[in-house]
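This report refers to the structure that appears directly beneath it.
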Amino acid sequence: MEDIEIPYFPVLNIKHRQVHHSALLQDHLHYTLHMAITRDSVSLYKLWISVITILPFTQTLSQPENYIVHMDLSVMPKAFSGQYHWYLSTLASIFDVSDSSTTRATSATLTASSKLLYSYTHVINGFSASLTPSELEVLKNSPGYISSIKDLPVKQDTTHSPKFLGLTPQSLAWKVSNYGEGIIIGLVDSGVSPESQSYNDHGMPEIPKRWTGECESGTQFNSSLCNKKLIGARFFNKGLIAMYPNITISVNSTRDTDGHGTHTSSTAAGNYVEGASYFGYAPGTASGVAPRAHVAMYKVFFDEGASTTDIIAAIDQAISDGVDVLSLSFGLDGIPLNEDPIALATFAAVEKNVFVSTSAGNEGPFYETLHNGIPWVLTVAAGTLDREFNAVLTLCNGISITGSSLYLGTTYFYEVPIVFMDGCHKVSELIKIGPKIVVCQGGNDGNDLSDQVKNVIKANVTAGVFITNFTDTEEFIQLQFPVVLLNQKDGKTIIDYIKNSDKPQASVEFRKTNLGIKSAPSVTSYSSRGPSTSCPLVMKPDIMTPGSLILASWPQNVVVALNNSQPLFSNFNILSGTSMACPHAAGVAALLRKAHPDWSPAAIRSAMMTTADIMDHTMKPINDIGFGNKTQLASPLAMGAGQVNPNKALDPGLIYDVNSNDYVRLLCALKFTEKQIQAITRSSSTNCSNPSTDLNYPSFIAYFNAKDSPSNSTTVREFQRTVTNVGAEMSTYTVNVTPMIGLKVSVIPDKLEFRAKYEKLSYKLIIEGPALLDETVTFGYLSWVDVGGKHIVRSPIVSTSLSPQLSKKN
């Protein structure tokens with residue numbers, strides 16, 4: 001489930017597009033991924049086995065343990081066509097020495113085969129095996145042996161996203177903030193399932209005395225269900241009932257009948273839950289980003305609909321109750337600021353020093369699809385995690401190949417016939433195959449892959465394996481039908497095996513989880529892109545956080561998926577969307593609010609943006625996977641300032657602060673009328689004597705879109721900014737600007753010298769370019785670099801020929 005998108009009507013229907021592991025995905029389709037290889041062959045290994053046989057070997061009764069063994073591929077004898085047989089012979093050699101019979105080679109190979117767990121190709125050069133300590137000692141003398149490590153029990157920090165963001169018990173952000181202790185995160189959503197273990201209050205501090213909220217009783221919800229974790233539960237549907245007087249609210253309470261609210265709130269601040277998983281996928285210990293923060297739920301989304309009046313009432317109540325942070329995973333499209341209930345209500349929240357995190361929407365990858373482009377809130381894009389869900393295909397020649405899958409049906413298919421059908425475009429041919437695994441050359445675009453998946457499903461075969469370089473694969477792996485996705489390289493391995501085997505067969509094991517994917521994070525395809533039509537002069541989105549395939553709590557009586565048309569239930573669910581990204585940012589804001597209680601919402605936003613990461617884990621620029629099989633650098637209009645880094649945000653060096661008057665000056669410059677501005681600010685009078693489009697924001701967007709100007713004419717865009725020193729008293733920063741093709745970019749002055757903490761200094765950014773930019777979007781970065789090397793305060797710069805039309809109504 002993702003960002004809840006609401007068509008603009010007095011009464012709103014929730015639109016759950018479910019860019020996620022869609023439990024109720026009726027159409028069975030959508031997207032792809034990748035895998036691993038190994039080879040076989042024997043001979044010549046006895047030349048060095050004879051050397052090993054002179055080594056002492058003693059049978060022991062000690063318990064075998066699993067070891068991961070790293071091998072030097074350059075040592076592999078040429079007689080072996082691939083690693084698998086080399087690894088197998090290496091293992092066989094250590095068992096061969098203990099058997100003096102004439103059949104010892106065969107016996108040793110069989111023993112080795114039972115000991116070999118996995119032959120790795122991509123993750124490491126090596127294998128894993130179950131060995132006694134004495135067997136391991138013999139193995140260490142084998143040619144090519146580099147090292148080995150014991151396979152220890154793993155406890156992941158799931159949703160895993162806190163750890164992916166650098167949050168561990170040793171991290172500064174958790175240490176300094178004490179895991180967000182005492183901060184109250186309010187969520188306006190579909191309610192909560194209080195029985196979830198994510199809301200247990202073990203280790204929680206007392207409820208803050210400033211808290212004035214309530215835990216309201218209602219249908220299937222007693223106020224006693226609240227505790228020191230879940231401290232508030234209210235529901236709002238008066239507007240909905242007023243619009244439809246004859247409506248009957250089936251569950252008239254804060255109880256979550258949808259799952260969305262339980263998922264988002266546990267992502268932001270869920271307590272620790274051991275043994276969490278989604279039918280074996282993503283196993284580990286679950287926690288939210290701020291596990292010691294308190295949760296308050298404000299339910300406005302019911303099965304029967306939602307009303308803007310109820311949304312405003314909920315935010316208003318949250319402010320009154322005393323929340324510190326608001327997380328809003330929903331939005332309205334094409335609505336002017338003065339009519340947007342989120343913009344209206346959150347302006348008041350920010351004035352009351354409440355930080356507001358909102359979702360960018362799920363209409364990507366196209367430009368100008370973003371909602372919640374509100375200058376005073378944080379607008380959050382969705383990125384990927386360094387985690388994959390896999391299936392392992394084991395061919396009968398011993399080669400194992402890993403592919404993408406999130407299939408929830410049968411855990412294991414054993415030695416099933418496998419066939420290659422090239423492009424699976426003819427259902428009439430596929431139907432003839434019967435109970436076999438079908439391998440398809442799946443194409444490199446979503447439509448072709450989607451058609452082939454549909455065809456294979458209709459053919460009623462055992463499973464489908466699709467070879468593709470298409471990158472936007474998330475929905476394809478979450479079907480009721482078993483689908484495995486391979487990249488082209490691994491696909492060739494499986495095709496070669498099928499073509500060269502008389503009776504090709506394969507086994508498939510599902511429910512595998514792989515961590516540490518180095519290409520993460522990337523921007524997801526569905527995350528909505530800027531610029532914002534509600535306020536084009538402020539660059540949006542602001543930041544990116546994990547939103548793809550996020551594990552979090554789920555109501556135990558709400559269906560998570562279907563298997564053979566039968567409903568499945570789970571205490572955890574895996575969802576995707578900017579709805580999942582938004583509470584991650586809210587959790588980070590809670591940590592920063594605890595660490596810096598004197599910071600304004602704008603200061604917290606600034607710290608998150610200027611310290612964000614623009615590189616993935618390979619130290620290459622973050623990519624955008626929204627364009628099929630094409631690799632494209634992520635623009636700030638897709639990912640904002642970059643991937644949030646909580647530990648860096650704790651100490652940003654400089655901040656860009658903004659107050660309510662600054663927002664009013666911007667609204668004046670955008671030509672909003674006095675009445676329209678008053679609708680937002682609630683002020684009885686508006687002073688528009690000093691309007692300014694130049695909000696003191698930690699990002700820049702410059703428009704070069706004068707289509708009627710002469711071809712040789714130039715345009716100059718200037719931006720004034722003021723930064724506040726929150727670092728060392730005596731600090732000097734020098735500027736560094738990324739070159740931008742076709743543009744002349746300069747900064748005056750190029751050095752800022754601070755003499756006191758909280759001192760403010762200003763600078764000007766000047767961008768000169770053609771009246772009409774050749775490129776749709778070009779971007780770079782302005783960085784203030786601390787001469788001491790401690791801080792880099794980075795702001796994205798976007799120049800564009802786009803012409804977003806400001807949403808504004810009289």
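Some observations on this one:
- Test: residue in segment 252-269 that is more than 27 Å from the chain's Cα centre (by Cα), open to solvent by 10 Å² or more (accessible area, probe 1.4 Å) and not β-branched (Val, Ile, Thr): yes
- Picking from residues in segment 384-426 that are among the hydroxyl-bearing types (Ser, Thr, Tyr), closer than 18 Å to residue 449 by Cβ and not in a strand (DSSP E or B), the one that is least open to solvent (accessible area, probe 1.4 Å) is 405.
- For segment 189-202, a tally of residues being in a loop (DSSP other than H, G, I, E, B) and either more than 21 Å from residue 253 (Cα to Cα) or among the acidic types (Asp, Glu) (or both) returns 3.
- From the options 205, 245, residue that is assigned to a loop (DSSP other than H, G, I, E, B), under 31 Å from the mean Cα position of the chain (by Cα) and farther than 17 Å from residue 186 by Cβ: 205
- Unmet requirement for residue 429, which otherwise passes all of (1) open to solvent by less than 60 Å² (accessible area, probe 1.4 Å); (2) free of Cβ contacts under 8 Å to residues at least 24 places away in the same chain: (1)
- Considering segment 457-540, the qualifying strands (runs of 3 or more DSSP E), each wholly inside and each with 1 or more residues that are over 27 Å from residue 365 (Cα atoms) and open to solvent by 10 Å² or more (accessible area, probe 1.4 Å), run over 505-515.
- Criterion applied to 637, 633, 666 was being farther than 20 Å from residue 758 by Cα and either among the aromatic types (Phe, Trp, Tyr) or surrounded by fewer than 20 Cβ atoms within 10 Å (Cβ to Cβ) (or both), and the one residue passing it is 633.
- Residue within segment 657-671 that is closer than 18 Å to residue 784 by Cα and not small (Gly, Ala, Ser) present: yes
- Residues of segment 440-449 satisfying the condition of being closer than 21 Å to residue 522 by Cβ and assigned to a helix (DSSP H, G or I): 446, 449
- Top-ranked residue in segment 83-116 [being outside any helix (DSSP H, G or I) and either hydrophobic (A, V, I, L, M, F, W, C) or at pLDDT 70 or above (or both); ranked as farthest from residue 144 (Cα to Cα)]: 97
- With respect to the conditions (1) closer than 15 Å to residue 191 by Cβ; (2) among the hydroxyl-bearing types (Ser, Thr, Tyr); (3) part of a helix (DSSP H, G or I); (4) touching a helix residue (DSSP H, G or I) at 6+ places or on another chain (Cβ under 6 Å), residue 309 falls short on a single one, namely (1).
- Among residues of segment 669-695, those that are crowded, with 17+ Cβ neighbours inside 10 Å, part of a loop (DSSP other than H, G, I, E, B) and touching a residue at least 60 places away in the same chain (Cβ under 8 Å), counted: 3
Yes or no, residue by residue, for (1) under 22 Å from residue 513 (Cα atoms); (2) of a type in the set (Ser, Thr, Tyr):
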| site | (1), (2) |
| --- | --- |
| 573 | yes, no |
| 584 | yes, no |
| 618 | yes, yes |
| 621 | no, no |
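- Segment 359-383 - residue that is hydrophobic (A, V, I, L, M, F, W, C) and in a strand (DSSP E or B) and, of those, nearest to residue 490 (Cα to Cα): 382
- Residues (more than 20 Å from residue 564 (Cβ to Cβ), within 24 Å of the chain's Cα centre (by Cα) and modelled with pLDDT of 90 or more) located in segment 467-501: 468, 485, 486, 487
- Residues in segment 272-288 include at least one that is out of contact with any helix residue (DSSP H, G or I) (no Cβ under 7 Å at 6 or more places or on another chain), closer than 19 Å to residue 161 by Cβ, open to solvent by 10 Å² or more (accessible area, probe 1.4 Å) and of a type in the set (D, E, K, R).
The values are calculated or read from the model by the stated rules, or taken from the named source; none is laboratory data. Bear in mind the structure is a predicted one, so any value in this text is a computation, not a measurement. No Cβ is skipped: glycine too gets one built from the backbone with ideal geometry, and neighbour counts run over all protein chains shown. The area values use the complete protein model at the heavy-atom level, side chains included, leaving out ligands, DNA and RNA. Shrake-Rupley method; radii C 1.70, N 1.55, O 1.52, S 1.80 Å.
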